[in-house]
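One structure coming up, written as structure tokens, with questions to follow.
The values are calculated or read from the model by the stated rules, or taken from the named source; none is laboratory data. Given the structure is predicted, the values throughout are model-derived calculations rather than measurements. Cβ placement follows ideal geometry from the backbone for every residue including glycine, while neighbour counts extend to all protein chains displayed.
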Amino acid sequence: MKRFLTKLTFSLLLVVAGTAFLTAQKVVSGTVTDPSNGDALIGASVLVKGTQTGTITDIDGTYSLKASAGDVLVFSYTGYDDQEVAVGASNTINVSLVAGKLLDEVVVVGYGTQKEKEISSAVVRVTREDFNRGPITDAAQLLQGKVAGLQVYNRGGDPNRASTIRIRGLSTVGANVEPLVVVDGIIGASLSNLDPNDIETFDVLKDGSAAAIYGSRGSSGVIIVTTKKGSRNKDLTLTYNGQLGTSNRSRTLDIMTPSEFAAAGGSNLGFQTDWINEVTQTGITSVHGLSAEGGTEKTTYRASVNARNVDGILQSSGFDQFNTRFNLNTKRLNDKLTIDFNTSFTTKNQNFSFNEALRYAVIGNPTAPVNGADLTKYEFDEAQFGGYFEALGLFDFFNPVSIIKQNKNTGRRSEFNFGANVGYQIIDGLTANFRVANQRNGSNNRQYYSPTSLFRGNATSPIRKGRANFYNDKSDFKLLESYLTYAKSFGSAALTLTGGHSWQQSNFESSFFQVGDFPNNSIDWSNQIEASQDYANAGFISANSDASPDERIIAQFGRASLTLDDTWFVNASVRREGSSKLGPNNQWGIFPAVGVAVDLNKYLNLANVNLLKARVGYGVTGSLPRENGLAQEGRSLVNNPDGSTNTRIFRLANPDLKWEAKAETNFGIDFNTGRLSASLDIYNRVISDFILNVKVEPIGGVDRQTRNAGQLSTNGIELALDYDLIQKDNFTYNTGIVFSTYKSKLDKYVFPKEVRGNLGAPGQNGTNMILVQEGQEIGNIWGPVFDGVDDKGAPKFKDLNGDGKFVVGADKALDSLADMQVLGNGIPDFELGWKNSLTFGKWNVNAFFRGAFGHSLVNTFRAFYEPRISTQTAYNFINTSKAVDGLTAARFSSLYVEKADFVRLDNLTISRSIGNVGQLKNFNVSLTGQNLFTITGYTGADPEPALAYYGAVDNGAVEDFNNPDVLAPGIDSRNNYFVARAVTLGINFNF
Amino acid sequence: MKKLNKFYLLPLVALFFGSCTDLEEKLKGEITTDFTTPGLVVDAGGGVTDNLGGVFAELRNAGSANHGGYYSVQEISSDEMCIAAKGGDWFDGGILVELHRHTYTPTHDMVKNTWNGTYNAINTCNEFLAKAGITANETAQVRALRAYFYLRLCDSYGNVKLITAKGVDAPQSTRAQVFDFIESELLSVIGVSSVSAGMDVASSPLGTTVNNNRINVYGALGILSKLYLNAEVYKGVAKYSEAAIAADFIITKSPYKLADASFKVPNLGRRPKVADDPAELVGYAANFGANNESSPENIFTVLYDENKAGGMNFSQMGLHYSSQFTYNFSDQPWNGYATLEDFYNSYEAGDVRRKNNFLVGPQKDFGGNTILDYASDDGDPILNYTPKINELVPNSKREAGARPAKFSYKQLGRPDMSNDYPIIRLGEIYLIRGEALARKAGNWADALNDVNTIRRRAGVAEWNGSQVTAASFLAERGREMFQESARRTDLIRFGKFNDAWWEKPVSQSFRNLFPIPADAILTSGSGANPLKQNPGY
């Protein structure tokens, strides 16, 4: 019946076509196939060139239309190269379309799509086949190293921590440094609820002229994600994708063995303990993904479920994620009405474990026992510590095994998204679009510290032991957008106009409470908090709650795109946007952009060159602050012992607070010969009016105020090359590099200079290591230069200015006579990604190397624990090749600043296509190795750049990931995960 | 276009121009306007309701007894306390060594914290004074409190801005002008134009009700007597006569008495199994205990409470990690502050203040067992505080130095202690009167009576007239006032602050003022009243 209906449709088409043409015509028919597997291509377009006449292939890949001899038929199919065939004597034209890189590939830009050729800004599309493989824990990792100028770093590789993402380096100083993520048109979506298996493409908008349509949140760049959709006229197809992998720690720090430690004067308790072994594990990762997709002529759908179980290399760390996603797209009312639904639901159970265990494993006394009962040389009350040994009289040390075995640190997160887009073609060329979206997230985190845990459990307290923390938050994001698109051709010119309105609201609320004092270890008391003795003594209970205001963004926007002679491409856009976060006097901003591109080859007519495009774009984008309320006076409530209350100012109002602005000019060249494609971008960006918490005179009650100040300029070059080196029937080799470099200079700041990035306790508080100075680069590591050891074992420093005085105290860092200099820079000089893809018959090998060069890191472990301090003999000593004999005092200097250039084999995948196995089609098996080796001179655990600093954290304090100091890159903090090496087996097939 | 409106604008109107299209930021989780609710203050008169709890809380916020601000800069720059660098621990970029050796600079963090904390406190006073509906007594107390904060600035920085309204800038005043402001404010609230033996303070809105967490007329006179005692330093004009009159007025007219053998409180730090631990704290010791609020000696104190009025962290700051087991502290201490050996040795063996003010020797836990430190650096795991400190930097032994314990620790103590911290107490008022009389007469024997009053209570032999000298008086004052943030000011007044002492060379006289913080100079630079740095920095 279906077949009959299809044929009837075709017949009707023929009739229509037949009446439209008066010339003598004949019926041409044939099949369109993919030569790689002989599959029919369903829904491929067949068009008589220069006319409106055409059809599409049916579910057998066949077509039939009327054409005259001499006509040229154009066959096209998304993802394949177009092919033109002249109609000759034969009535049958069978065509094999070759999958290829289409110059006319459609790229998603804000509020619409454009052909790649028409783009005048720096936009890079990354498609599925280029994604990183292996046990990916967050969607951003798919992109690591793939886009020139896009930095994705997850230092150490903690599976529970989102990657740091930067486009073209630091794009904002006081505001949100992470790019804006747009998923299927929904602005401000999160990458965390996307399963990597559901992603079809990323479009990365790198420059201001591309991102300006997103206005006050576009400064950090925009990552547009398109999820997989069903295909038209395709029967239901199921796809299974499975992975099973193991990961092990690959690099740690060099520390002393028990015998070395004893020989170096360490406090010898007589045991041999490898603390790092005690707290790490082989992590097992398994992923199962199942999707169903298909479609009719008018409607396509795709549903998927993904289950992801990831164990980290730290014992008991990892997560379970379950994700479902559904997309439905349909056309109605003679195809004038299009409706797209998408919805997803994600739950994630996380076991954060305690990264502190890794830190304390590094510095744990290797001669101390794990269990207290083993210590017989001295009395020890192990029962108080759940059987574990604790060194007790030592600042900032806890038995790492006890930390992870006795305590719990878990979280549950759920994310729900719903989006619908309704498009209606009002008249020919004029389409209206309405979009509504809602995203709801909730987290529920819990920490339980056992009454016998010294680490945060107060095991040494006689009465108040144990602690339970409860944290809940909920966030809600709503989006309503409507826009009109009008497209019209005038001879050889084509104009597209888009204009619309956007309304967004975010709400957030959280609550936290903490109770403690549990009687013993008989159960996990976080499940029965009424047992807490803190109820009897309410002053110990800690509770807080918060709710955000209605955080609103309202915008109007418009864009015009003009194409002339298929050669000149002009794009201009403007967005007017207001935010509730800004001061009432400056809530609204205007963000314009303009860009021009020209296909030079239309004039040069170079042989074998498909495209030689030059483009230039300029755009202004903004950034909003992370926090609410910065424009208003803030007061904290004080409860006094006499029962009185009062308020105390903690934040001064600033009604003039405005968005941080970025103006960016981008010049680019795209070159394509079919086998070789190259893209070069040169840019300049100037960020001004940083939203900064600025020091002010304390005469108004507080010495800080949020103000706009400062200017940062960045110049950069990005190059992407892709070359099909070998293209033989049975053997292909494709290789490519992405290269990026940039320099950021601080033109203006609130002060001529300051130092940031405190090294911290023990003993190195007030030791700020990163110089922030007007006229200088960002990320300069600043300090005295090590010059040997004096007779007391203290470090000597160089008298750099030769004045005979040694001005090296940490608080003298800004002194004009200071004997300090730039010791390195935390930002890489350049970064490189090198991809290699070999196909040999049914075998495919992908190797991806990645490197960053020219950056330095402060190795903080060494700075604290490498000197053989005679009064600090109960921590293990770090023992790298850079250790200095006789040095017995820890003091920050050039000694601890190391070059951290590295090259890493990020990803090696060997896969084999097996074909059909029984009922299973397109069976494919792959083996992936991640992080197989790293070449670096850095002695720390991980040479990846540290782009932000989260402060010194010690003695069990909790690290705050919400406040990265982006002006203090280059510090390899002690609270880091260890890098893992992973091997993963993957299979996928359809059925 | 009409058709277009139907299709597009109508839904647009419906969707977007409803009730929620404004951009006003209505904060839900924060307070943005000031308010005060009164509290009940129990005092000798039975109790009053006042609004001053929050203003007096500024004494805690301004770093009176915690690490990193006013207390730290006063104590560590003097010869009574230091923080030695213990290997990697407590070096902190050298700023503690700088305080000890008087090489501090305008960027010194604690010098900055002291400045900011004091000005923030002054702002709270200014905001309070601008409120409507406050009583004359409240106004007078807050003016006196603000004058006290300016006394701290006058003493530490000298040339500062006199800010008297929130956010209203003022030019930098000279130290003499700051002195005059403090004097006139205090005289005004005391209700006299000058101090005299027969002055009538009955009209003072401050009143005479005893409440040592508030300022009555005697508290204000105590602050004034401190100001006058240092007038020669602050203004270059001696006011010893006025200092003596103000102090004498308190001693003779007020109800306060020295905490002597008749004042006892339970010893909250007692370990039942340690025989040396007394059941009660008596006299001097009781005056500084965790339950010292009823002491007859304290005229004006900073209220501290482990629960509702935190900010006194001496147990954390001074004790070795493992002293946690002596007192069953809820948190591990930090092993920072210790007493200089020479200062410790200035006490006679029988001085009750030596026993009270320090922890020395092998330490025992709650059960009476010796405390073992499994991370010990001297090969002997027994925790033993030695008065001798081997060196200031870089490798002081972790157990070196007698530990401050004047504000005695209690069992089950929290990081925040409950001992009220005296700003004005009668013991010091005796010393002020004695010193002022002696300086006025140019004869130290004139201080004999008052100094012997203090020595009697300390259980040491009384002196005869020839035993009182400037040096011996200063030493006696040091022993009595240890840990009360008085030593630096005293050393300056006695001309000894620039002398050499253990691990400290002779320093230049400009060090008698701290530098104006670099941040203050920088941030004032863009305004109408840029601050000028103190000479020498």
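Being in a loop (DSSP other than H, G, I, E, B) and touching a helix residue (DSSP H, G or I) at 6+ places or on another chain (Cβ under 9 Å) is the filter; apply it to the stretch A:234-256 and report the residue that is surrounded by the fewest Cβ atoms within 10 Å (Cβ to Cβ). Reasoning before the result, please.
Keep residues of the stretch A:234-256 that are in a loop (DSSP other than H, G, I, E, B), which gives A:252-254, A:256.
This time we only want the ones that are touching a helix residue (DSSP H, G or I) at 6+ places or on another chain (Cβ under 9 Å), so: A:252-253, A:256.
Numbers: A:Thr252: 17, A:Leu253: 20, A:Met256: 21.
Applying the filter and picking the extreme gives A:Thr252.
If a residue must be under 23 Å from A:Val696 (Cα atoms) and either within 10 Å of chain B (Cβ to nearest Cβ) or not in a strand (DSSP E or B) (or both), how many such residues does the stretch A:747-761 contain?
Within the stretch A:747-761, the first condition is being under 23 Å from A:Val696 (Cα atoms), and the residues that meet it are A:747-758.
Applying the additional criterion that residues be either within 10 Å of chain B (Cβ to nearest Cβ) or not in a strand (DSSP E or B) (or both) yields A:749-752, A:754-755, A:758.
Of the residues in that region, 7 qualify.
To keep it simple, each residue is scored yes or no on (1) assigned to a helix (DSSP H, G or I); (2) surrounded by fewer than 20 Cβ atoms within 10 Å (Cβ to Cβ).
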| site | (1), (2) |
| --- | --- |
| B:Glu462 | no, yes |
| B:Ser472 | yes, yes |
| B:Ala475 | yes, yes |
| B:Glu480 | yes, no |
| B:Gln483 | no, no |
| B:Leu491 | yes, no |
| B:Lys496 | no, yes |
| B:Ser507 | no, yes |
| B:Arg511 | yes, yes |
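Give A:Asp799, A:Asp724 a once-over and let me know the one that is away from every other protein chain (no Cβ under 14 Å), within 30 Å of A:Gln151 (Cβ to Cβ), without any contact (Cβ under 8 Å) to a residue 60 or more places away in the chain and among the acidic types (Asp, Glu).
Step by step, each of A:Asp799, A:Asp724 is checked, and only A:Asp724 is away from every other protein chain (no Cβ under 14 Å), within 30 Å of A:Gln151 (Cβ to Cβ), without any contact (Cβ under 8 Å) to a residue 60 or more places away in the chain and among the acidic types (Asp, Glu).
So the check is Cβ under 8 Å with 6+ separation or different chains; which pairs have a first residue in the stretch A:359-384 that's more than 12 Å from chain B (Cβ to nearest Cβ) and part of a loop (DSSP other than H, G, I, E, B) and a second one that's hydroxyl-bearing (Ser, Thr, Tyr) and surrounded by fewer than 18 Cβ atoms within 10 Å (Cβ to Cβ)?
A:Pro366/A:Thr257
Testing A:Ala211 on (1) surrounded by fewer than 21 Cβ atoms within 10 Å (Cβ to Cβ); (2) closer than 30 Å to A:Leu582 by Cα; (3) hydrophobic (A, V, I, L, M, F, W, C); (4) in contact (Cβ under 8 Å) with a residue 60 or more places away in the chain, one condition comes back false. Which one is that?
(1)
Looking at the structure I just gave you, is A:Asp811 within 12 Å of chain B (Cβ to nearest Cβ), in a loop (DSSP other than H, G, I, E, B) and of a type in the set (D, E, K, R)?
Numbers: within 12 Å of chain B (Cβ to nearest Cβ): yes; in a loop (DSSP other than H, G, I, E, B): no; of a type in the set (D, E, K, R): yes.
So A:Asp811 fails the test.
When the stretch A:76-92 is examined, which residues are found to be touching a Phe, Trp or Tyr at 6+ places or on another chain (Cβ under 9 Å) and at pLDDT 85 or above?
First, pick out the residues of the stretch A:76-92 that are touching a Phe, Trp or Tyr at 6+ places or on another chain (Cβ under 9 Å): A:82-85.
Within the stretch A:76-92, just A:Val85 meets the criteria.
State all residues of the stretch B:372-395 that are assigned to a loop (DSSP other than H, G, I, E, B) and hydroxyl-bearing (Ser, Thr, Tyr); if no residue qualifies, say none. If you could, list the steps in order and put the result at the bottom.
Quick first cut of the stretch B:372-395, residues assigned to a loop (DSSP other than H, G, I, E, B) only: B:373-381, B:383, B:387-394.
Hits for the stretch B:372-395 are B:Tyr374, B:Ser376.
Could you check how many residues of the stretch A:888-911 are surrounded by 16 or more Cβ atoms within 10 Å (Cβ to Cβ) and either touching a helix residue (DSSP H, G or I) at 6+ places or on another chain (Cβ under 7 Å) or of a type outside the set (A, V, I, L, M, F, W, C) (or both)? Working first, answer last.
First, pick out the residues of the stretch A:888-911 that are surrounded by 16 or more Cβ atoms within 10 Å (Cβ to Cβ): A:888-898, A:900-909, A:911.
Adding the requirement that they be either touching a helix residue (DSSP H, G or I) at 6+ places or on another chain (Cβ under 7 Å) or of a type outside the set (A, V, I, L, M, F, W, C) (or both) leaves A:888, A:890-894, A:896, A:898, A:901, A:904, A:906-907, A:909, A:911.
Residues meeting the conditions: 14.
Conditions (1) surrounded by fewer than 21 Cβ atoms within 10 Å (Cβ to Cβ); (2) at pLDDT 90 or above; (3) away from chain B (no Cβ under 14 Å); (4) touching a strand residue (DSSP E or B) at 6+ places or on another chain (Cβ under 9 Å), marked per residue:
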residue	(1), (2), (3), (4)
A:Ser522	yes, no, yes, no
A:Ser542	yes, no, no, yes
A:Pro584	yes, yes, no, no
A:Ala593	no, yes, yes, yes
A:Ala597	no, yes, yes, yes
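Still on this structure, I have one more. Can you tell which of B:Lys440, B:Lys397, B:Lys388 is basic (Lys, Arg), under 30 Å from A:Gly266 (Cα atoms) and more than 14 Å from every other protein chain (Cβ to nearest Cβ)?
Details: B:Lys440 fails: under 30 Å from A:Gly266 (Cα atoms); B:Lys397 fails: more than 14 Å from every other protein chain (Cβ to nearest Cβ).
Result of the check over B:Lys440, B:Lys397, B:Lys388: B:Lys388.
Under the condition of being part of a loop (DSSP other than H, G, I, E, B) and away from chain B (no Cβ under 14 Å), which residue from the stretch A:762-795 is surrounded by the fewest Cβ atoms within 10 Å (Cβ to Cβ)?
Ranking the candidates gives A:Gly775 first.
Checking the condition aliphatic (A, V, I, L, M), assigned to a loop (DSSP other than H, G, I, E, B) and at pLDDT 90 or above, which residue from A:Leu947, A:Leu932 passes?
Numbers: A:Leu947 fails: at pLDDT 90 or above.
Matching residue, one of A:Leu947, A:Leu932: A:Leu932.
Next question, about the same structure. May I ask you to list the residues in the stretch A:425-474 that are charged (D, E, K, R), in a loop (DSSP other than H, G, I, E, B) and either in contact with a helix residue (DSSP H, G or I) (Cβ under 9 Å, 6 or more places away or on another chain) or in contact (Cβ under 8 Å) with a residue 40 or more places away in the chain (or both)? So that I can check it myself, show each step before the final result.
Within the stretch A:425-474, the first condition is being charged (D, E, K, R), and the residues that meet it are A:428, A:435, A:440, A:446, A:456, A:464-465, A:467, A:473-474.
Now narrow it down to the ones that are in a loop (DSSP other than H, G, I, E, B): A:428, A:456, A:464-465.
Passing the criteria: A:Arg456, A:Arg464, A:Lys465.
Which one of these is buried (at least 20 other Cβ atoms within 10 Å of the Cβ), among the aliphatic types (A, V, I, L, M) and either away from chain B (no Cβ under 11 Å) or closer than 30 Å to A:Leu719 by Cα (or both): A:Leu606, A:Leu624? Let's see the steps before the verdict.
Working: A:Leu606 fails: buried (at least 20 other Cβ atoms within 10 Å of the Cβ).
None of the other options fit; the residue is A:Leu624.
Where the second residue is in a loop (DSSP other than H, G, I, E, B) and the first is over 17 Å from A:Asp972 (Cα atoms) and lies in the stretch A:928-940, which pairs have Cβ atoms under 6 Å and are six or more apart or on separate chains?
That search, which allows pairs on different chains as well, returns A:Thr928/A:Arg133; A:Thr928/A:Gly134; A:Gln930/A:Gly134.
Select from the stretch B:312-330 the residues that are among the hydrophobic types (A, V, I, L, M, F, W, C), over 15 Å from B:Gly68 (Cα atoms) and part of a loop (DSSP other than H, G, I, E, B) and list them in ascending order. Talk me through it step by step, then tell me what you get.
Restricting attention to the stretch B:312-330, the residues satisfying the condition of being among the hydrophobic types (A, V, I, L, M, F, W, C) are B:312, B:314, B:317, B:319, B:325, B:329.
Applying the additional criterion that residues be over 15 Å from B:Gly68 (Cα atoms) yields B:319, B:325, B:329.
Across the stretch B:312-330, the qualifying residues are B:Leu319, B:Phe329.
Could you tell me which of the residues A:Asn846, A:Asn876, A:Asn836, A:Asn859 is more than 14 Å from chain B (Cβ to nearest Cβ) and touching a helix residue (DSSP H, G or I) at 6+ places or on another chain (Cβ under 6 Å)? Give the derivation first.
Values: A:Asn846 fails: touching a helix residue (DSSP H, G or I) at 6+ places or on another chain (Cβ under 6 Å); A:Asn876 fails: more than 14 Å from chain B (Cβ to nearest Cβ); A:Asn836 fails: touching a helix residue (DSSP H, G or I) at 6+ places or on another chain (Cβ under 6 Å).
After ruling out the rest, the residue left standing is A:Asn859.
Can you tell me which residues in the stretch A:257-303 are among the hydroxyl-bearing types (Ser, Thr, Tyr), surrounded by fewer than 18 Cβ atoms within 10 Å (Cβ to Cβ) and not in a helix (DSSP H, G or I)? Please lay out each step first, then the result.
Initial filter on the stretch A:257-303 (among the hydroxyl-bearing types (Ser, Thr, Tyr)): A:257, A:259, A:267, A:273, A:280, A:282, A:285-286, A:291, A:296, A:299-301.
Subset that is surrounded by fewer than 18 Cβ atoms within 10 Å (Cβ to Cβ): A:257, A:259, A:282, A:286, A:296, A:299.
Of everything in the stretch A:257-303, those that are among the hydroxyl-bearing types (Ser, Thr, Tyr), surrounded by fewer than 18 Cβ atoms within 10 Å (Cβ to Cβ) and not in a helix (DSSP H, G or I) turn out to be A:Thr257, A:Thr282, A:Ser286, A:Thr296, A:Thr299.
Being crowded, with 21+ Cβ neighbours inside 10 Å and either within 18 Å of A:Phe380 (Cβ to Cβ) or modelled with pLDDT of 95 or more (or both) is the filter here, so list the residues in the stretch B:366-378 that pass it. Please lay out each step first, then the result.
Taking the stretch B:366-378 as the starting set, the residues that turn out to be crowded, with 21+ Cβ neighbours inside 10 Å are B:371, B:373-377.
Correct list: B:Ile371, B:Asp373, B:Tyr374, B:Ala375, B:Ser376.
Here is a follow-up. For B:Gly87, only one of the following conditions fails: (1) surrounded by fewer than 23 Cβ atoms within 10 Å (Cβ to Cβ); (2) at positive phi; (3) within 12 Å of chain A (Cβ to nearest Cβ). What is its number?
Result: B:Gly87 fails condition (1) only.
Do we find that A:Asp546 is under 30 Å from B:Asn307 (Cβ atoms), within 31 Å of the chain's Cα centre (by Cα) and either touching a residue at least 24 places away in the same chain (Cβ under 8 Å) or within 12 Å of another protein chain (Cβ to nearest Cβ) (or both) in this structure?
Working: under 30 Å from B:Asn307 (Cβ atoms): yes; within 31 Å of the chain's Cα centre (by Cα): yes; either touching a residue at least 24 places away in the same chain (Cβ under 8 Å) or within 12 Å of another protein chain (Cβ to nearest Cβ) (or both): yes.
Spelling it out, A:Asp546 is indeed under 30 Å from B:Asn307 (Cβ atoms), within 31 Å of the chain's Cα centre (by Cα) and either touching a residue at least 24 places away in the same chain (Cβ under 8 Å) or within 12 Å of another protein chain (Cβ to nearest Cβ) (or both).
Each row is one residue, and each column tells you yes or no for (1) touching a residue at least 40 places away in the same chain (Cβ under 8 Å); (2) within 26 Å of A:Thr460 (Cβ to Cβ); (3) away from every other protein chain (no Cβ under 13 Å).
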| position | (1), (2), (3) |
| --- | --- |
| B:Asn292 | yes, no, yes |
| B:Pro296 | yes, no, yes |
| B:Ile299 | yes, no, yes |
| B:Tyr304 | yes, yes, no |
| B:Thr326 | yes, yes, no |
| B:Asn335 | yes, yes, no |
| B:Val352 | yes, no, yes |
| B:Tyr374 | no, yes, no |
| B:Asp378 | no, yes, no |
